[in-house]
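Written below as structure tokens is the structure these notes are about.
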Amino acid sequence: MNSLLLKSKEMKITEVPEPKEVLLPLKGFDEEKEKLKIKEGSRVKTGEELIPGVYSTVTGTITGIDIMSFAGTDLTILRIAVSETDEIAPEITAAADYLEKDAAELLKKLNRANLGFDEELKDIKTVIISAVDTEPLAASYQQFLIENPDTVTEGLKLIKHLTAAGKVFLALPEPLLSSAANLTAGAADIFPVKPVYPNGLPEILTRDISRKYDTGKTAFLKIEKLVAAVLALRDGKPFSHKVITAAGKGKIKNLKVRIGTPLKDLLQDMQPGENEKVMIGGPMMGTACYNTDLPVTADVDMIYVQDAAEIVKNENNQCMNCGKCVEVCPAHLSVNLIGRYAEFSIFEQCRDLGIQHCIECGLCAYYCPSGRSLVQFIQLAKSELEKIEAEKIETEGEDVE
Ligand code: SF4
Ligand code: SF4
């Protein structure tokens, strides 16, 4: 299963016009506490803190709060009408000499710029920066590398400065190896990766690098975040835009979009037809989305309109023990057995078979000739096992009392 072959000219990142409105999920919103600040008609600046840990990605006027559902969860969404001029919150400042400043001060500034670095870099021994896209057809990470080589080099020096990590790796697709030879300026080692799904997934990359090197505690960063960190510290730009790959209806493109832009603004020339699905994420690990008013958030790397013919039908016929799922599983699990135990609610057996090592890459279900809902069975078993564990801890606590 190949990722997109590199055709950098066609995949050039193009900036999408500003949306009229952005929608920002308010994670942790407490209506009672926050209603004074979050009220209709208030003006906000780009980078301004809206509620603790949530920052505006735009300059504009608050027009209201809505509840929207995604993947079975209700999200509190703030609507902001976008102004014509972009004003940056005064707390976010530029410093050409940022590399001379103290690491703790820089980490604080990165958090304030909507980049949340602190936790990722605490006590780590190795940092992996990835320019390997995570889904088939996705091409935004690799294009980031192609279009921002100098900023990537600067970012690698920044990572060295911010952390005590003994090793920094820049993982990139093999076809980019020759053009990236001088990119690291001695601040990182290059780790070439065959651009085949699921080699770009963080768990697989971390595993593959740790098989060759003594990595210890490892942090994983997308190349986009590395570049955004430099732009925040050097140029005083908060993290307000994302690069995503939009694919479907015979088209594929890399778009730079304001975080919070509704999906429907990006789907104008790839409207889903009857029986087609819009996926947030890619064809393998994406989640179907039935409301295109939902926004692009900071962690979305791809939107995908899936053709009706490509949709894997979950027929749930009996397992014929063909072994295909076991053969393709990158975590080397007995997926055939896990699927059957989960189907019949024998969840402890799933745990004994190592279900916790499943990274939900979807390859087993993709190749299963019986159309079994293997990923859904696995997700069900994982969530039931969590409940069993929680109940056990609660009971043990009561016994101690
Ligand atoms: S691929 Fe499907 S049919 Fe084959 S062993 Fe796995 S679950 Fe069974
Ligand atoms: S989703 Fe399937 S193939 Fe992927 S890791 Fe889990 S069990 Fe293995």
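Read-outs throughout are calculated quantities, based only on the coordinates presented, and are distinct from any laboratory measurement. From a predicted model like this one, the values you see are computed outputs, not experimental measurements. Ideal geometry is used to build each Cβ from the backbone, glycine not excepted, and the neighbour counts take in all protein chains shown.
Rounded to the nearest 500, what is the chain's calculated 222 nm mean residue ellipticity when only DSSP H runs of at least 4 contribute -39500 (n - 2.57) each, over all residues? Counting only the DSSP helices, I get -8500 deg cm²/dmol. Close amide H pairs (under 5 Å, H built 1.01 Å from N) link GLY248 with VAL305, residues at least 5 positions away or on another chain. Taking ILE359, ILE303, ILE346 as the candidate residues, the one with maximal mean-square fluctuation in a Gaussian network model of the chain, Cα springs under 10 Å, is ILE346.
For ASP301, the residues whose modelled amide H falls within less than 5 Å of its own, excluding neighbours fewer than 5 places apart on the same chain, are GLY281. Applying 0.36 nm per residue to the separation of GLU396 and ALA71 and subtracting their alpha-carbon distance, the gain on full extension is 113.7 nm.
Would you please give the FRET efficiency between TYR290 and ASP352, computed as 1/(1 + (r/R0)^6) with r the Cβ-Cβ distance and R0 = 41 Å, to the nearest 0.05? The partial results should precede the final answer.
Values: r = 37 Å, r/R0 = 0.89.
E between TYR290 and ASP352, to the nearest 0.05, is 0.65.
Projecting the Cα positions of ASN321, MET279, ALA342 onto the charge dipole of segment 210-361 (unit charges on Cβ atoms of Lys, Arg, Asp and Glu, taken about the Cα centre) puts MET279 furthest along the positive direction. In segment 270-341, which chymotrypsin sites (Phe, Trp or Tyr not before Pro) fall in coil by DSSP and have 10 or fewer other Cβ atoms within 10 Å? Answer by residue number: TYR290. Counting Lys and Arg as +1 and Asp and Glu as -1 over every other residue whose Cβ lies under 13 Å from the Cβ of VAL375, the net charge comes to 0. Whole angstrom only: what separates the Cα centroid of segment 360-401 from the Cα centroid of segment 39-100? Between the Cα centre of segment 360-401 and that of segment 39-100, the gap is 36 Å.
Given 0.36 nm per residue, what is the gain on full extension from GLN268 to ASP123 after removing their alpha carbon distance, in nm?
Details: separation 145, 0.36 × 145 = 52.20 nm, distance 4.53 nm.
So the chain would gain 47.7 nm between GLN268 and ASP123.
If you plug the beta carbon distance of LYS101 and LEU177 into 1/(1 + (r/R0)^6) with R0 = 45 Å, you get a FRET efficiency near 0.85.
For segment 72-112, which GluC sites (Glu not before Pro) are in a loop by DSSP, counting at most 16 other Cβ atoms within 10 Å? Please list the in-between numbers first.
On the way: sites: GLU84, GLU87, GLU91, GLU100, GLU105; in loops: GLU84, GLU87, GLU91.
Taking segment 72-112 and a limit of 16 other Cβ atoms within 10 Å, the loop GluC sites (Glu not before Pro) found are GLU84, GLU87, GLU91.
Within a Cβ distance under 10 Å of ASN336, other residues only, what is the Lys/Arg minus Asp/Glu net charge? Don't skip to the answer; put the middle values down first.
Details: positive: LYS324, ARG340, ARG372; negative: none.
Computed value for this residue: +3.
When peptides 384-392, 247-255, 332-340 are ranked by their average number of other Cβ atoms within 10 Å per residue, the highest-first order is 332-340, 247-255, 384-392. Amide H to amide H, with H built 1.01 Å from N, VAL168 comes under 5 Å of VAL127, ASP189, counting only residues 5 or more places away or on other chains.
For segment 100-144, trypsin sites (Lys or Arg not before Pro) meeting the loop criterion (DSSP other than H, G, I, E, B) and having at most 13 other Cβ atoms within 10 Å: LYS101, LYS122. Would any residue of segment 151-183 have its amide N under 12 Å from a label point 7 Å out along Cα→Cβ of LYS212? List them or say none. Under 12 Å, as judged by backbone N against the label point of LYS212, lie 169-174 of segment 151-183.
Taking the Cβ of PRO272 as the centre, find all other residues whose Cβ is under 15 Å away and add up their charges (Lys, Arg: +1; Asp, Glu: -1). Combined, the nearby Lys, Arg, Asp and Glu give -3. Working from Cα pairs under 8 Å separated by at least six residues, relative contact order for the chain is 16 percent.
Whole-Hz Karplus values for segment 237-249 come out as 9, x, 6, 10, 10, 10, 9, 10, 9, 10, 9, x, 6 Hz, taken residue by residue from phi with 6.51 cos²θ - 1.76 cosθ + 1.60 and θ = phi - 60°; glycine and proline positions read x.
Given segment 324-400, what whole percent of its Cα pairs are spread farther than 21 Å?
Values: 827 of 2926 pairs.
Tail of P(r) above 21 Å: 28 percent of Cα pairs.
The Cα-based radius of gyration and maximum Cα-Cα distance (Dmax) for the chain are 22.3, 66 Å.
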